[in-house]
Amino acid sequence: MLDTTNARRFAALATVFAMTATPSMARAQCDAGGDALVPPDQDGLLRDSFPADQDTDVPLDSPVRLRYYGRAPTPPVLCVQQGSLTSPCLAGESSVVGDEIVWQPAASAGGSLLAPSQRYFVTYTETAAGTNRITFSTGSGVSPARLTFSGVSDVSSDPATANACDRDAADITVTFNRARSVASGLGDTAWPDIDVEYVIYQTRGPGIAGPRERDRVRLQRSGSTVVSEAQRTFRLTGMEASGPVCFNVQAIDPLGRADGNTAEACVNPAKGNYFMGCAARPADPMRSAWGVWLTALAITTARSWRRRRRCR
């Protein structure tokens, strides 16, 4: 009869090793990096501006919008000068909504429009950095009625293999076409493409009860109609990636008008995603601690069985 003493001993040692050594390796990998995001203290620093700094051919109906990290400074300080830094601050109307300051010329100063073919200086304050400045130049007319935008064109998913803390996480890449703002030739001015904002919404998926903003981006100036597509990649947790997910992209002009398209693209991150190299659960059992002990057990048992057969 086969002696089971060694088998029980190996099984016990393997269980202890799996319960102690493997989680500690996972913790070490998580502590060494993982997916933790610790943003720097940027409260009150400028995040972006509309128009962009050094922008040209800005439509005359563009407001001046300053968006901050965290919240806008209190009280907000914003001075818009036309022509030169020695000019007085223009009369205007400012409003603060959360992290953003929006300024428009007062009606008494020109009918709420910027002047054509002029350079503007915008001086503003930041909570920690003090006073800063951006500049832009206007075109000759107001903006076209709407942007032309066909929305999201593709969504793909890749396993987040570098994330040992959440082995089922997925990196989602959303591909979309650039919006176009084409002047009609009737005295209007197209929006500079650097001033168009794109918002990526997740519309369906595990835990989604309605559209959820996943990313917000402004693209670098393309300068060419050949560069028609853009991509953004962001991460879903394992729970969020446990089933099919769908996304919609909206293009928003500096006046806050969204294109309103409803096009969606979907992907199933869980389908066919096999996560390799995670310390918490090795993909190849023969390379894990359990596999090592089982291999040793099999070799010992086989040798013992062969010796007994020879003795008969």
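Annotation: the residues Val174, Val196, sorted from fewest to most other C-beta atoms within 10 Å of their own C-beta, follow the order Val196, Val174.
With Rg and the Kirkwood Rh both taken from Cα atoms, where does Rg over Rh land for region 84-231? It would help to have the intermediate numbers written out before the result.
Details: Rg = 20.4 Å, Rh = 19.4 Å.
Looking at region 84-231, the ratio lands at 1.05.
The calculated FRET efficiency for Arg47 paired with Lys271, based on their beta-carbon distance and R0 = 35 Å, is about 0.45. In region 46-138, the convex hull through the Cα atoms has an average projected area of 5.5 nm², a quarter of its surface area. A Förster radius of 41 Å combined with the Cβ-Cβ distance from Glu93 to Asn261 puts the calculated FRET efficiency at roughly 0.85. Taking region 59-79 and a reference point 7 angstrom along Cα→Cβ of Val142, the backbone N atoms nearer than 12 Å belong to 60-62.
Rounded to the nearest 0.05, what FRET efficiency do Ser184 and Thr131 give with R0 = 41 Å and r taken as the Cβ-Cβ distance? Could you check? Don't skip to the end; give the middle numbers.
On the way: r = 40 Å, r/R0 = 0.96.
Efficiency computed from Cβ-Cβ geometry: 0.55.
For a quick protection proxy, order the peptides 208-221, 232-245 by their average other-Cβ count within 10 Å, most packed first. Mind showing how you got there, number by number?
On the way: 208-221: 13.1, 232-245: 17.6.
Ranking, from highest mean packing down: 232-245, 208-221.
Evaluate the relative contact order of region 81-227 (contact order divided by residue number), counting alpha-carbon pairs under 8 angstrom at least 6 apart; express in whole percent. It would help to have the intermediate numbers written out before the result.
On the way: 221 pairs, mean separation 20.5, N = 147.
Contact order relative to length: 14 percent.
One quarter of the convex hull surface built on the alpha carbon atoms of region 152-267 amounts to 8.2 nm², the projected area averaged over directions.
Rg over Rh of region 125-165, using C-alpha atoms and the Kirkwood radius, what does it come to?
Values: Rg = 21.6 Å, Rh = 17.1 Å.
Using only Cα positions, Rg/Rh for region 125-165 is 1.26.
Backbone phi angles across region 130-136, fed through the Karplus curve with coefficients 6.51, -1.76 and 1.60 (θ = phi - 60°), yield HN-Hα couplings of x, 8, 9, 8, 10, 9, 7 Hz in residue order; Gly and Pro are listed as x. Each peptide in 118-131, 74-87, 53-66 gets a packing score, the mean of other Cβ atoms within 10 Å over its residues, and the list from highest to lowest is 53-66, 118-131, 74-87.
Taking K and R as +1 and D and E as -1, what net charge do the other residues with C-beta under 13 Å from the C-beta of Gly207 add up to? Don't skip to the answer; put the middle values down first.
Values: positive: Arg204, Arg212, Arg214; negative: Glu240.
Net of charged neighbours comes to +2.
All of the numbers you see were taken from the coordinates with simple rules; none came from a lab. Remember, it's a predicted structure, so these values are computed and weren't measured experimentally. When we count neighbours, we look across all protein chains shown, and the Cβ atoms used for this are built from the backbone with ideal geometry, even at glycine.
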